[in-house]
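Let me begin by presenting the structure, written as structure tokens, before commenting on it.
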Amino acid sequence: MMKFIHKTASPPYFYKLAGLWQPWLAAITVLLLLAGLYGGLIYAPTDYQQGESYRIIYIHVPAAWMSLFIYVVMAVTAAIGLIWRIKLAESVTVCSAPIGAGFTLLALVTGSLWGKPMWGAWWVWDARLTSELILLFLYAGVMSLYAAISDKRVAGRAVAILALVGVVNIPIIHYSVEWWNTLHQGPTVTKFDKPSIDFRMLVPLLIMALAFKVYYVWSLFMRLRVELLDRERNTQWVKSLLMDNKE
Amino acid sequence: MNQSSLINVFVALVKRDLLLALRHRAELFNPLMFFVLVVTLFPLGTGADSKLLQTMAPGIIWVAALLAAMLSLDAIFRSDFEDGSLELLLLNPHPTSMLVLAKVFAHWLVTGLPLIIVAPLLAVFLGLDSSLTGLLLITLLLGTPVLSLTGAVAIALTVGLKRGGILLSLLVLPFYVPVLIFSTNAIEMAASGLPVMAQLWILASLLILAITLTPWPTAAALKLSLS
């Protein structure tokens, strides 16, 4: 088992493997996205209260799920990278941050688009929106810390420490924001009733969530391949790879 | 060479940092002046409506304290990093996390405690009800050490960088959100006559959490910055 992990985590082997997987991941992403969008925009029935505008949840909710999921992935790989000094794990932490920030931004923008007809304002200091905004700041911190340190090996580990501190803080921040809001405004904000969602609405949502997950893996692999080439540019395998391509 | 115990080293380190701070009194006063200045700017910006200021007072004082604490963070490790004494500190046989705790404690005595001493004056400036001043001080007493402790992690990560200023605020401020929320909320609740023990307990538990957890990542980040 350990042998398999070490083999897969070695940069040259992973570079090749990720290259093989890429077209498949791309195809699955596109298929799932098409199916999910068709299901969400056409197949799912209109909501009796919110009309057609509820359909933005098919982008918003999966994006919000992914924004938290990716931070957890970053923290887990950060721990792996710090404990076992696996270079690939460090790279996963670093490469996930921009994707996670993208999903967070997407969730914020779609949330505010949905908020305009529903709440009558582009921005409401709703607990979930606010903690999502703070999550965006956390992602931005990780990205700019990585950009600021010129030695990328050191930068990778600094980011790993920050991601671990962040993941301890996220629940604290989330619940404190939730508490702050409920005490300030009371439950005037409409929320989704998760259990009472129609089955025909739920299935496209789950398909979209899956599509976003596969998309994450796909774009992560693309970023990882570039990152690995960049980090290992002085090693033999990168040189021979470049030589092979030239011929 | 005699092996000194951890307690002795801890006390010696705190004494040394306090002495250093006393010799650089100007640096000591700068965060304090900043704190007073920011609070003074608010009435100028929002108008001197005493009712408005009264409701905003806890928020203004706490946000100003947050910014002042953040600006003073740089002093924890910067000068030691530049003259090389930080490297000697890491060579010390005692656990680095404990030494970090000593340095942060000394830093809090120098920068956090003066904020608490000035705060009643600012509360008067903003017309905060005098019965609430005590509570404001308690929240500051529980909250500002948390700011120093969590800020130490971020400053340890960025101490090796030439321009860490803006980056530091991006790293630190999201972590300050819970302290801000619970402190200001406690004062607002008390103003409307509600019990505030829950908020104070949460602030106390945040403090204990910060004391026990943050020295490790700070020590790890320092080692990384010096490598």
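In table form, for the structure just shown:
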read-out	value
Chain B: DSSP helices with Cα axial extent of at least 18 Å and average Kyte-Doolittle hydropathy no lower than -0.5	B:6-23, B:25-46, B:50-72, B:113-125, B:130-158, B:165-191, B:197-213
Cβ charges +1 (Lys, Arg) and -1 (Asp, Glu), total dipole of the protein assembly as shown, debye	1240
Within chain B, helix-based [θ] at 222 nm, where runs of 4 or more DSSP H residues each add -39,500 (n - 2.57), nearest 500	-27500 deg cm²/dmol
Using a Förster distance of 35 Å, the FRET efficiency for residue A:30-residue A:242 (Cβ separation, nearest 0.05)	0.70
Fewest-first ranking of A:60, B:24, B:94, B:107, using other Cβ atoms within 10 Å as the exposure measure	B:24, B:94, A:60, B:107
Longest segment of chain A lacking trypsin sites (Lys or Arg not before Pro) that sit in a DSSP loop with at most 11 other Cβ atoms within 10 Å	A:86-190
Å³ per residue enclosed by the Cα convex hull of the stretch A:17-239	131
Expected 222 nm ellipticity per residue - DSSP helices of 4 or more, -39500 (n - 2.57), all of chain A, to 500	-28000 deg cm²/dmol
Exercise: per-residue mean of other protein chain Cβ atoms within 10 Å, B:172-180	6
Relative contact order of chain A, defined on C-alpha pairs under 8 angstrom at six or more residues apart (%)	33
For chain B, size of Cβ-based charge dipole, Lys and Arg +1, Asp and Glu -1, in debye	260
Value of Rg/Rh across chain B [Cα atoms, Kirkwood radius]	1.00
The stretch A:6-84 and the stretch A:196-247: distance between their alpha carbon centers, rounded to Å	10
Spatially close lysines, pair count over the stretch A:17-239: Cα under 21 Å, gap of eight or more or interchain	5
Dipole of chain B [Lys/Arg +1, Asp/Glu -1 at C-beta], most positive-end residue of B:224, B:173, B:193	B:224
Between helix A:199-231 and chain A: long-axis angle, C-alpha atoms, 0 to 90°, nearest 10	30
Student exercise, chain A dipole from Lys, Arg, Asp, Glu Cβ charges, in Debye to nearest 20	840
Whole-number D in µm²/s for the stretch A:108-181 (Stokes-Einstein; Kirkwood sum over Cα pairs; 4 °C, 1.567 mPa s)	93
Per-selection Kirkwood Rh - the stretch B:166-227 (Cα, Å, 1 d.p.)	13.7
Computed Rg/Rh of the protein assembly as shown, alpha carbon atoms with Kirkwood Rh	1.02
Using alpha-carbon coordinates, inclination of helix A:87-119 to the longest axis of chain A, degrees	20
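Values in this text are rule-based calculations from the coordinates and carry no lab data. Not measured: the values here are computed from a predicted model. Because the Cβ atoms are built from the backbone with ideal geometry, glycine has one as well, and the counts that use them run over all protein chains shown.
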